[in-house]
Amino acid sequence: MIIHPSENILMRVACLIITYTSARQIYRLVQKLDNGQFDFYIHVDKKIDLETHQELFNMQNVYFVKERVDIKWGSITSVNATINGLKQIDASGIKYDFINLMSGQDYPIKSATYIINFLKENIGKQFIHYKDFKDWPGAEKRMNQYFLTDLKIIGKFRLQWLVNSFVKKRKLPEDITIYGYSTFWTLSQDCAMYIVDYLENHISFRQFFTYTFGSDELVYQTIIMNSAYKNAVVNNNYRYTDWSQGGYRPKFLKTEDFENIIASDCIFGRKFNIDIDENILDMIDSYNTKHPL
């Protein structure tokens, strides 16, 4: 049974931010959402000196993930960092209505009030963008071949080529349907912790995705869509993202994108770079101040 909070009880939302970029941009994000209903758990890539984020150290509702991971793009390390963050959130003893997974280059494109009201109206729902991998061009290759992205050895890509030359098509260790798409999501705390428990109790599943490229775009959707939580899934993560430039990464959102951003019903945008174009953040914040709802 889903128990809806009364109008007199404040929503609690944890933002889990996986970052290796600008502390100044995260500081600005925290300030924008800091209305007493958001907490921020920040995983700073282990390659980055934590002191670069010292301006966030003394903020009351900001917590740094203690078990840091050296994240390699396309590898399972991003999932590992997220799992470490989720464990710390759960260990806090604070009960959150939602956990919001973000990158350090995400930014709210709606006001804190708007976001809280949106989530309050959707208690019990899971916001994650997914596709059946058969309907996702290029995803099948990720399943059928070995990717050794996470290995720390010289010549790993030569080894990867040799392995895939001789080894037959990989087979999933479990009879499940693969889903995937966007890494970032907004889930209830119990659903997020179900992911943690699943990965810890299905070792062969985790090992399979350890050697899959871009597993952070596959693991979460696959676990959720093969569980009872699938009935509560909204196939939308409410992130405004522009893929018009093609390739593996979305374009940086700039001043020229303002009209499209504010016309969107999304609550976050990705991705922004405060050092490339801070004006777009100023424009969004100014608009949200005038139109908080």
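Of all residues in region 252-264, at least one satisfies being free of Cβ contacts under 8 Å to residues at least 60 places away in the same chain and either β-branched (Val, Ile, Thr) or assigned to a strand (DSSP E or B) (or both). If you go through region 107-126 and keep only what is assigned to a strand (DSSP E or B) and closer than 22 Å to VAL233 by Cα, you end up with PRO108, GLN126. The set of residues from region 236-252 being over 19 Å from ARG142 (Cα atoms) and either among the charged types (D, E, K, R) or surrounded by 14 or more Cβ atoms within 10 Å (Cβ to Cβ) (or both) comprises ASN236, ASN237, TYR238, ARG239, TYR240, THR241, ASP242, PRO250, LYS251, PHE252.
Scanning region 112-138 for residues that are under 19 Å from the mean Cα position of the chain (by Cα) and of a type in the set (Gly, Ala, Ser) yields ALA112, GLY124.
Residues checked against (1) modelled with pLDDT under 95; (2) in contact with a Leu (Cβ under 9 Å, 6 or more places away or on another chain); (3) under 29 Å from MET11 (Cα atoms); (4) assigned to a helix (DSSP H, G or I):
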{"position": "LYS169", "(1), (2), (3), (4)": "yes, no, no, no"}
{"position": "LEU172", "(1), (2), (3), (4)": "yes, no, no, no"}
{"position": "ALA192", "(1), (2), (3), (4)": "no, yes, yes, yes"}
{"position": "ASP197", "(1), (2), (3), (4)": "no, no, yes, yes"}
{"position": "PHE209", "(1), (2), (3), (4)": "yes, yes, no, yes"}
{"position": "PHE213", "(1), (2), (3), (4)": "yes, no, no, no"}
{"position": "ASN236", "(1), (2), (3), (4)": "no, no, yes, no"}
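Scanning region 7-53 for residues that are acidic (Asp, Glu) and either modelled with pLDDT under 90 or assigned to a helix (DSSP H, G or I) (or both), which turns out farthest from GLU67 (Cα to Cα)? So the residue we want is GLU7.
Remark: ILE89 matches the filter, which requires a residue to be over 14 Å from the mean Cα position of the chain (by Cα), part of a helix (DSSP H, G or I) and over 25 Å from ARG249 (Cα atoms).
Residue count for region 253-286, restricted to those that are farther than 25 Å from ASN117 by Cβ, buried (at least 16 other Cβ atoms within 10 Å of the Cβ) and of a type in the set (A, V, I, L, M, F, W, C): 1. The residue that is nearest to LEU151 (Cα to Cα), among those in region 68-83 that are touching a His at 6+ places or on another chain (Cβ under 9 Å) and surrounded by 20 or more Cβ atoms within 10 Å (Cβ to Cβ), is ILE71.
The values are calculated or read from the model by the stated rules, or taken from the named source; none is laboratory data. Computed from a prediction, not measured in an experiment: that's the story for all the values here. No Cβ is skipped: glycine too gets one built from the backbone with ideal geometry, and neighbour counts run over all protein chains shown.
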